[in-house]
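The structure appears right after this line, and notes come after that.
All of the numbers you see were taken from the coordinates with simple rules; none came from a lab. In this text the structure is predicted, and so the values were computed from the model without any measurement. For neighbour counting, all protein chains shown are included, and Cβ atoms are generated from backbone atoms with ideal geometry for every residue, glycine included.
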Amino acid sequence: MSSLPPLRIAVQKKGRLLDESIQLLKECGIKIDNGRDQLKAAARNFPIEVLYLRNSDIPQYIQDGVADIGIIGENTIIEKKKEVEIVQKLGFSKCRLSLATPKDIPYGSVQDLDGKRIATSYPVSLQLFLDANNIKADIHEISGSVEIAPNIGLADAICDLVSTGSTLFKNGLEEQDIVLKSEAVIAASPKIDQERRDILDRLLFRVKSVLAARNKKYLLMNVPTAKVDDIIGILPGMRSPTVLPLAEEGWSSVHTVIDEGRFWDIIDELRTSGAEGILIVPIDKMIL
Ligand SMILES: Nc1ncnc2c1ncn2[C@@H]1O[C@H](COP(=O)(O)OP(=O)(O)OP(=O)(O)O)[C@@H](O)[C@H]1O
Ligand SMILES: O=P(O)(O)OC[C@H]1O[C@H](OP(=O)(O)OP(=O)(O)O)[C@H](O)[C@@H]1O
Ligand SMILES: [Mg+2]
């Protein structure tokens, strides 16, 4: 174990970001000595220390340098108006902050909200959006269960996070305008020192390799050598797949990396063109 000062990384203590944050660190080969109850845990094999914190407190801790970096939703950074640097988007916890209104009340445009009451847990983000659209509305801040507000006469509209839309649907609300889009990111402190910045760079190298491999598959198949060009023509976006001769005369093995979703689009074509023994293998890491 090196004697470097550890990079302090803030993650959510509990909530939607926690599991995927820990999973990401794990896939980066970082072993954390438990301790959610302990609220601070060191990694055994990498110079980082994990701080388990309240989601809404994380941007402040990063800005102040109490944590060097954190895994947090972009929307929380905006809401808390903190000066932190987004160094890596992580592709999970994708959601949008949206305005929604009761589905039985006609809605033309955001201008219809002028003079109305809007319930939200994100007053700063909402105010920015209203100002940009020249709308004056009465923002009613509540900390949760926002979708219930129109049903109990507390507001005419709401502004809350949406991903599947099922909470809106269950509460008879319709999504109208998107205020902002968000996903989990790694944010870094303006106060991070050079030694820890170096550790961050090593961490980011691993994170990028893990993210690049997600949703990618390694595809292998046996192809009659005469059909190799046809098969390569079907494979999306690959300039130079690997083609190896098989022991059996007249057959080749073709290897390539492919988006998992794309594979199902071309499977029939590959088979019609003579591909056999098709294997789709997960990729653990991709070093770019
Ligand atoms: N329905 C959702 N789908 C996808 N991502 C979401 C959803 N709801 C929230 N998120 C993202 O996850 C982050 C954490 O949400 P979570 O509900 O766990 O915490 P929270 O209740 O906002 O915590 P706190 O009250 O401490 O701020 C949000 O800031 C947002 O970026
Ligand atoms: O579009 P959907 O997939 O239905 O997700 C939207 C819901 O998810 C979030 O709440 P969460 O479940 O995080 O509860 P919370 O208020 O306790 O944070 C958000 O505040 C919405 O209520
Ligand atoms: Mg929530």
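Listed values for region 83-91 are Karplus-derived 3J(HN,Hα) couplings in whole Hz (6.51 cos²θ - 1.76 cosθ + 1.60, θ = phi - 60°), namely 8, 9, 9, 7, 9, 7, 7, 10, x, and x replaces Gly and Pro. Compared with the alpha-carbon gap, the fully stretched path from ILE135 to SER109 is longer by 8.2 nm at 0.36 nm per residue.
Where both bridge residues fall in the chain, DSSP classifies roughly 75% of the beta bridges as antiparallel. Distance between the pseudo-spin-label points of ASP284 and LYS31 (7 Å out from Cα toward the beta carbon): 1.4 nm.
Look at the Cα gyration tensor of region 171-288: its axes a ≥ b ≥ c give a/c of at least 1.5 with a/b at or below b/c, and that counts as oblate.
Give the shape of the chain as rounded, prolate or oblate, defined through the alpha-carbon gyration tensor: a ≥ b ≥ c are the square roots of its eigenvalues, a/c under 1.5 means rounded, and otherwise the shape is prolate if a/b is larger than b/c and oblate if not. Intermediate results must be reported in sequence, preceding the final value.
Numbers: a/c = 2.96, a/b = 1.43, b/c = 2.07.
The shape class here is oblate.
Quick one: of the DSSP bridges fully inside region 1-116, what percent are antiparallel, nearest 5?
Working: 4 of 12 bridges.
Roughly 35 percent of the beta bridges in region 1-116 run antiparallel, per DSSP.
Here MET221, MET286 are placed in order of increasing Cβ neighbour count within 10 Å, fewest first, which gives MET286, MET221. Straightening the chain between ALA247 and ARG262 buys 2.4 nm, computed as 0.36 nm per residue apart minus the Cα-Cα spacing. Do the sum for the chain: with -39,500 (n - 2.57) for every DSSP H run of n ≥ 4, divided by all residues, what is the mean residue ellipticity at 222 nm, to the nearest 500 deg cm²/dmol? Value at 222 nm, helices only, nearest 500: -8000 deg cm²/dmol.
Give the shape of region 95-182 as rounded, prolate or oblate, defined through the alpha-carbon gyration tensor: a ≥ b ≥ c are the square roots of its eigenvalues, a/c under 1.5 means rounded, and otherwise the shape is prolate if a/b is larger than b/c and oblate if not.
On the way: a/c = 1.31, a/b = 1.18, b/c = 1.12.
It is rounded, given that a/c, with a ≥ b ≥ c, falls under 1.5.
Legend: distances between Cα atoms for LYS26/LYS285; LYS14/LYS285; LYS14/LYS181; LYS82/LYS208; pairs beyond 18 Å are LYS14/LYS285; LYS14/LYS181; LYS82/LYS208. When TRP251, TRP264 are arranged by Cβ crowding within 10 Å, least crowded first, meaning fewest neighbours, the order is TRP264, TRP251. Cross-link partners for LYS191 among the aspartates and glutamates, with Cα-Cα distance under 12 Å and sequence neighbours closer than 8 places in the same chain left out: ASP64, ASP68, GLU83, GLU85.
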